[in-house]
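Trainee: Below is the structure I would like to discuss, written out as structure tokens.
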Amino acid sequence: MDVYSFLHNDTETYTHVLVDSSTQQCAVIDPVLDFDDKSGHTSTESIDEVIDFVKEKGWETVYIIETHAHADHLSAAPDVKAALGGKLVIGKYITQVQEIFKKVFNFDANFKADASQFDILTEEGSELALGNIVLTAMHVPGHTPADMAYIARATVAEGAEKTAVFVGDTLFAPDVGTARCDFPGGDAATLYQSIQKILALPEDTLIYLCHDYPGEGRKYCPTTTVKAQKLSNIHVKDGISEAEFVQMREARDATLEMPRLIIPSVQVNIDAGKLPEPEDNGVRYLKVPLNHLGS
């Protein structure tokens, strides 16, 4: 079991490629589409690096996994699927997020809030086979109602088990903390309980992050461990109670601006990364709800 991580510098997002080398099967997790918010231009330059890497290795792409409907970048899942194949996976509670944001963006009846845009819907305990790797879904709501983490387990030398977990936006590096909970459907107490499920994994479990926001003097890093989180996460290390976390998280969230790309990202990502259909002039348009989000 090997993981290759690609940093999207503009959004500080990691796309991970999980591979079972023995069967040459892989999964692409949280792919990112380039988007220039000043001009409205999209580009596949960054995800093409991932696609080319997988092609050069000759791997079969079995899954494209979204840990949740991201609010800080547009998904490149359609581009990965077109180039590499694979089934698009997301947690089944995406329907709750679709219902919430269907109203925010006032989508018409053509938008289906039934998750039919995705190929595989997971819930707590769902298992996906990736060669000799077993991926087990863990429902970790709080940041959004639909967040999922994916625990990857594989037997390695001498019968030992190797474990890694892809946590989406639940946890960040220990010096950064945890995800915000002030989006529609988010809840700080729920996030605390979700994080405890992750921290109950073996301490040597490698945690693959969806984002990293390093402070001055630290380089970007895609991984941490359960042990490191329990020892030093600034928001949820051992000894921090749920009440303390909720008070901190809600106070902190009240000071945060909306993410730079939330408006284009969410309306595209709840539709499985599909861009709006061109209008009669051949141009695609995104909607901007005025005086609504963040109010």
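The values are calculated or read from the model by the stated rules, or taken from the named source; none is laboratory data. Here the structure is a predicted model, which means the values were calculated and not measured. As a convention, Cβ positions derive from the backbone with ideal geometry for all residues, glycine included, and neighbour counts pool all protein chains shown.
This table checks each residue for (1) without any contact (Cβ under 8 Å) to a residue 12 or more places away in the chain; (2) part of a helix (DSSP H, G or I); (3) surrounded by 15 or more Cβ atoms within 10 Å (Cβ to Cβ).
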| site | (1), (2), (3) |
| --- | --- |
| Gly215 | no, no, no |
| Tyr220 | no, no, yes |
| Gln229 | no, yes, yes |
| Lys237 | no, no, yes |
| Glu244 | yes, yes, no |
| Arg252 | no, yes, yes |
| Pro259 | no, no, yes |
| Pro264 | no, yes, yes |
| Gln267 | no, yes, yes |
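Trainee: Something else: How many residues are of a type outside the set (A, V, I, L, M) and either modelled with pLDDT under 75 or not in a strand (DSSP E or B) (or both) if we restrict to segment 148-162?
Mentor: Summing the residues that are of a type outside the set (A, V, I, L, M) and either modelled with pLDDT under 75 or not in a strand (DSSP E or B) (or both) in segment 148-162 gives 2.
Trainee: Here's something else I'd like to know. Picking from Val97, Val54, which residue would you name as being β-branched (Val, Ile, Thr), out of contact with any Phe, Trp or Tyr (no Cβ under 8 Å at 6 or more places or on another chain) and either outside any helix (DSSP H, G or I) or closer than 21 Å to Ser194 by Cα (or both)?
Mentor: Val97
Trainee: Which residue, of Val165, Val89, Val176, Val134, is closer than 19 Å to Thr223 by Cβ and either part of a strand (DSSP E or B) or free of Cβ contacts under 8 Å to residues at least 40 places away in the same chain (or both)?
Mentor: Every option except Val165 fails the conditions.
Trainee: Those residues that are within 17 Å of His16 (Cβ to Cβ) and either among the small types (Gly, Ala, Ser) or surrounded by fewer than 18 Cβ atoms within 10 Å (Cβ to Cβ) (or both), I need them from segment 116-133; list them, please.
Mentor: Answer for segment 116-133, where residues must be within 17 Å of His16 (Cβ to Cβ) and either among the small types (Gly, Ala, Ser) or surrounded by fewer than 18 Cβ atoms within 10 Å (Cβ to Cβ) (or both): just Gly131.
Trainee: Any idea which of Ile100, Ile94, Ile51, Ile65 is touching a strand residue (DSSP E or B) at 6+ places or on another chain (Cβ under 7 Å) and crowded, with 16+ Cβ neighbours inside 10 Å?
Mentor: Ile65
Trainee: Has segment 218-234 got any residue that is at negative phi, among the β-branched types (Val, Ile, Thr) and more than 20 Å from the chain's Cα centre (by Cα)?
Mentor: The answer is yes, given that some residue of segment 218-234 is at negative phi, among the β-branched types (Val, Ile, Thr) and more than 20 Å from the chain's Cα centre (by Cα).
Trainee: Restricted to segment 1-25, and to residues that are more than 13 Å from the chain's Cα centre (by Cα) and aromatic (Phe, Trp, Tyr), which residue is surrounded by the fewest Cβ atoms within 10 Å (Cβ to Cβ)?
Mentor: If we take residues in segment 1-25 being more than 13 Å from the chain's Cα centre (by Cα) and aromatic (Phe, Trp, Tyr), then Tyr4 is surrounded by the fewest Cβ atoms within 10 Å (Cβ to Cβ).
Trainee: May I ask you to say which residue of Asp34, Asp10, Asp48 is in a loop (DSSP other than H, G, I, E, B) and of a type outside the set (Val, Ile, Thr)?
Mentor: Asp10
Trainee: Looking at this structure, is Ala109 among the small types (Gly, Ala, Ser), more than 16 Å from Gly273 (Cα to Cα) and without any contact (Cβ under 8 Å) to a residue 40 or more places away in the chain?
Mentor: The answer is yes for Ala109.
Trainee: Test Glu127 against the stated conditions and say whether it is closer than 14 Å to His68 by Cα and out of contact with any helix residue (DSSP H, G or I) (no Cβ under 6 Å at 6 or more places or on another chain).
Mentor: Spelling it out, it is not the case that Glu127 is closer than 14 Å to His68 by Cα and out of contact with any helix residue (DSSP H, G or I) (no Cβ under 6 Å at 6 or more places or on another chain).
Trainee: How many residues are of a type outside the set (D, E, K, R), in a loop (DSSP other than H, G, I, E, B) and closer than 22 Å to Lys112 by Cβ if we restrict to segment 269-287?
Mentor: 8
Trainee: With more than 23 Å from Thr223 (Cα to Cα) and modelled with pLDDT of 95 or more as the only criterion, which of Asp30, Asp79, Asp10 stands out?
Mentor: The conditions single out Asp79.
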